[in-house]
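J.: Before I ask anything, here is the structure I am working with.
Just so it is clear, none of the values below were taken in a lab; they were calculated from the coordinates. It should be emphasised that the depicted structure is a prediction, and the values quoted were computed from it without experimental measurement.
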Amino acid sequence: MSKNQAKEQENNTISPLESQQRLEAIKNLIFGENIEQINTDFDSIKALIEKRKEELESFIEQTSKELNTLIDNLSTDVNIRITDLEDTMNDKIDNLNHKKVDRNTLGTMLVSLGEKIMKD
């Protein structure tokens, strides 16, 4: 067996507990006594991020509700205006129909007028 194969086999036999202990030892070497402070700082940053996230989600939900209310109000207003315009248009159409003279009636009246002119 070569040296590399022996090392690989040795590495493969390391238990998760030993691996965890080695990681802790490396962390202690790198960070030393400041590890507690660093952990505390990370925890406070995580808490602050979570708080901001909740605030943003609340703000988004509130804004969404306000936008939906505004859209509903605008939709109602537009529908009312369309109805008013339809009513106005129908009134004007009725008024024009009332003022409009039927072609047959107009033709008959012109013929009668022409006959009266010819008699005189």
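J.: Starting at the first residue of region 38-53, write each ³J(HN,Hα) from the Karplus equation 6.51 cos²θ - 1.76 cosθ + 1.60 with θ = phi - 60°, in whole Hz, x for Gly and Pro.
T.: With the stated coefficients, region 38-53 comes to 5, 4, 5, 4, 4, 5, 5, 5, 4, 5, 5, 4, 4, 5, 5, 4 Hz.
J.: Sticking with this structure for a sec: Students often get this wrong, so try it: which of [x] 0.94; [y] 1.80; [z] 0.96 is Rg/Rh (Cα atoms, Kirkwood Rh) as calculated from the structure shown?
T.: Entry [y].
J.: Once you have the Cα-Cα distance between VAL78 and LYS116, take 0.36 nm times their residue separation minus that, and quote the gain in nm to one decimal.
T.: Values: separation 38, 0.36 × 38 = 13.68 nm, distance 5.63 nm.
Once the chain is fully extended between VAL78 and LYS116, it gains 8.1 nm.
J.: Based on DSSP H runs of at least 4 residues, each adding -39500 (n - 2.57), what is the mean residue ellipticity at 222 nm of the chain after dividing by all its residues, to the nearest 500 deg cm²/dmol? Can you show the working numbers first?
T.: On the way: 4 runs with 108 residues, N = 120.
Only helices count here, giving -32000 deg cm²/dmol.
J.: Next up: Enumerate the calculated ³J(HN,Hα) couplings along region 21-26 in order (Karplus 6.51 cos²θ - 1.76 cosθ + 1.60, θ = phi - 60°), each rounded to whole Hz, writing x wherever the residue is Gly or Pro.
T.: 5, 5, 4, 5, 5, 5
J.: Which ³J(HN,Hα) values in Hz, rounded to whole numbers, follow from the phi angles of region 107-120 under the Karplus curve 6.51 cos²θ - 1.76 cosθ + 1.60, where θ = phi - 60° and Gly and Pro get x?
T.: Working through the residues one at a time gives x, 4, 5, 5, 5, 5, 5, x, 5, 5, 5, 5, 6, 7 Hz.
J.: Cut-off under 21 Å on the C-alpha distance; same-chain residues fewer than 8 positions from LYS27 excluded. Which lysines are left, in chain and number order?
T.: Filter leaves LYS46.
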